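Colleague: What follows is a single structure, and I will ask about it in a moment.
Bear in mind these aren't lab numbers, they're just calculated from the coordinates by the rules spelled out. Source: prediction; values computed, not measured. No Cβ is skipped: glycine too gets one built from the backbone with ideal geometry, and neighbour counts run over all protein chains shown.
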Amino acid sequence: MRPILQHLLSKNRPVLPYAVFTYILAMLVLVFVIFIRFMYKIPMAELTRDPVQLLHGRPYTGMLSNLGIIIWSATAGICLFVVILSLPYQDRKRERRFFLLAFLLTLVLLLDDLFLFHDVILPEDLKISENYLYAVYGILSLVFIFFFRNDILQTPYLLLIAAVIFFGFSIGVDTIVKFLNLEHGFLLEDGSKFLGIISWGTYFTYTGYRAIYKERMPL
């Protein structure tokens with residue numbers, strides 16, 4: 001029994017600090033859920049269950065939106081992974097800042113898309129026009145592009161331009177749909193947003209790959 005325990009400890013000791021950190025984060029999330037439950041008298045099922053099951057939807061309900069969330073998450077993870085890999089190298093500070101800001105911007109867009117900040121929370125709960133949030137996103141994106149313009153020009157930047165165009169078209173269609181009863185309005189809005197997410201994810205996946213392998217970053 002003792003040799004087995006020693007073997008388990010020796011093999012798993014390196015990961016223990018990371019496991020403790022992630023479990024602490026997980027527990028904090030659960031505590032936050034419990035806090036929201038009692039603070040706002042929300043049934044626990046509404047905070048924990050899958051929304052499709054909770055609302056008696058079909059498995060395909062919100063399919064395109066869910067795929068977009070997956071791509072947002074993958075893109076954020078890739079950017080953060082590149083940041084972590086670059087930490088030991090002092091000559092990669094600019095590259096590290098590039099992917100760190102890309103991660104933060106992607107994370108913000110992911111959370112907005114997942115928790116409906118501009119669709120529900122701002123206009124309905126906080127009585128704030130979603131146009132303000134669009135303006136903030138536009139400014140943050142322009143600052144990011146301007147600050148790293150020389151770096152971006154060394155990459156396949158047409159994908160990034162395509163992402164901006166698709167997102168802008170989606171916002172424009174969203175505005176029009178509110179005033180006109182367009183039969184396929186949601187397909188145009190959500191379809192163009194999905195293409196924007198695909199373009200965004202492909203761009204940062206490729207640039208992250210090149211940062212790790214093409215530049216011969218040791219693994």
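Colleague: For segment 51-157, what mean projected area does the convex hull of the alpha carbons give, in nm²?
Modeller: Directional mean of the projected Cα hull area for segment 51-157 stands at 8.9 nm².
Colleague: If you don't mind, another one. What relative contact order, as a whole-number percentage, does segment 57-214 give when Cα pairs under 8 Å and 6 or more residues apart are counted?
Modeller: Relative contact order, segment 57-214: 31 percent.
Colleague: For segment 1-95, what class follows from the C-alpha gyration tensor (a ≥ b ≥ c being the square roots of its eigenvalues): rounded when a/c is under 1.5, otherwise prolate if a/b is larger than b/c, else oblate?
Modeller: Verdict is oblate for segment 1-95.
Colleague: Also, quick follow-up: Among F144, F169, F35, determine the one that fluctuates most according to a GNM of the chain built with springs between C-alpha atoms less than 10 Å apart.
Modeller: F35
Colleague: If you build the convex hull over the alpha carbons only and average its shadow over all orientations, what do you get for segment 81-139? Give it in nm² to one decimal.
Modeller: 4.7 nm²
Colleague: Using only C-alpha atoms and all pairs of different ones, pull out the Kirkwood radius for segment 109-169 in Å with one decimal.
Modeller: Evaluated over segment 109-169, this radius sits at 13.1 Å.
Colleague: Across 5 Å bins from 0, what is the distribution of all Cα-Cα pair distances for segment 1-48, in whole percents?
Modeller: Pair shares across the bins are 5, 19, 15, 13, 11, 9, 9, 9, 8, 3, 0.
Colleague: Quick one: dipole size for the chain, taken about the Cα centre, charges +1 on Lys/Arg Cβ and -1 on Asp/Glu Cβ, in debye to the nearest 20.
Modeller: About 1160 debye.
Colleague: In a Gaussian network model over the chain where Cα atoms closer than 10 Å are linked, find which of N12, N66, N131 has the largest mean-square fluctuation.
Modeller: N12
Colleague: Right, something else. Write down the radius of gyration of the chain and its Dmax, each obtained from C-alpha positions, in Å.
Modeller: Considering the chain through its Cα atoms, Rg and Dmax are 21.1, 72 Å.
Colleague: Shifting gears a bit: Say the dipole of segment 1-150 comes from +1 at the beta carbon of Lys and Arg and -1 at that of Asp and Glu; which of V31, Y137, L110 then lies farthest toward its positive end?
Modeller: V31
Colleague: Next up: Can you pull the one-decimal nm distance between simple spin-label points at S10 and F147, each 7 Å off the Cα toward Cβ?
Modeller: Here the answer is 4.7 nm between the modelled labels.
Colleague: Continuing with the same structure: What's the FRET efficiency of I34 with R2 using the Cβ-Cβ distance as r and R₀ = 41 Å, to the nearest 0.05?
Modeller: E between I34 and R2, to the nearest 0.05, is 0.55.
Colleague: Then there's this: Given just the C-alpha atoms of segment 23-75, how large is their convex hull per residue in cubic angstrom?
Modeller: Hull volume normalised by residue count: 106 Å³.
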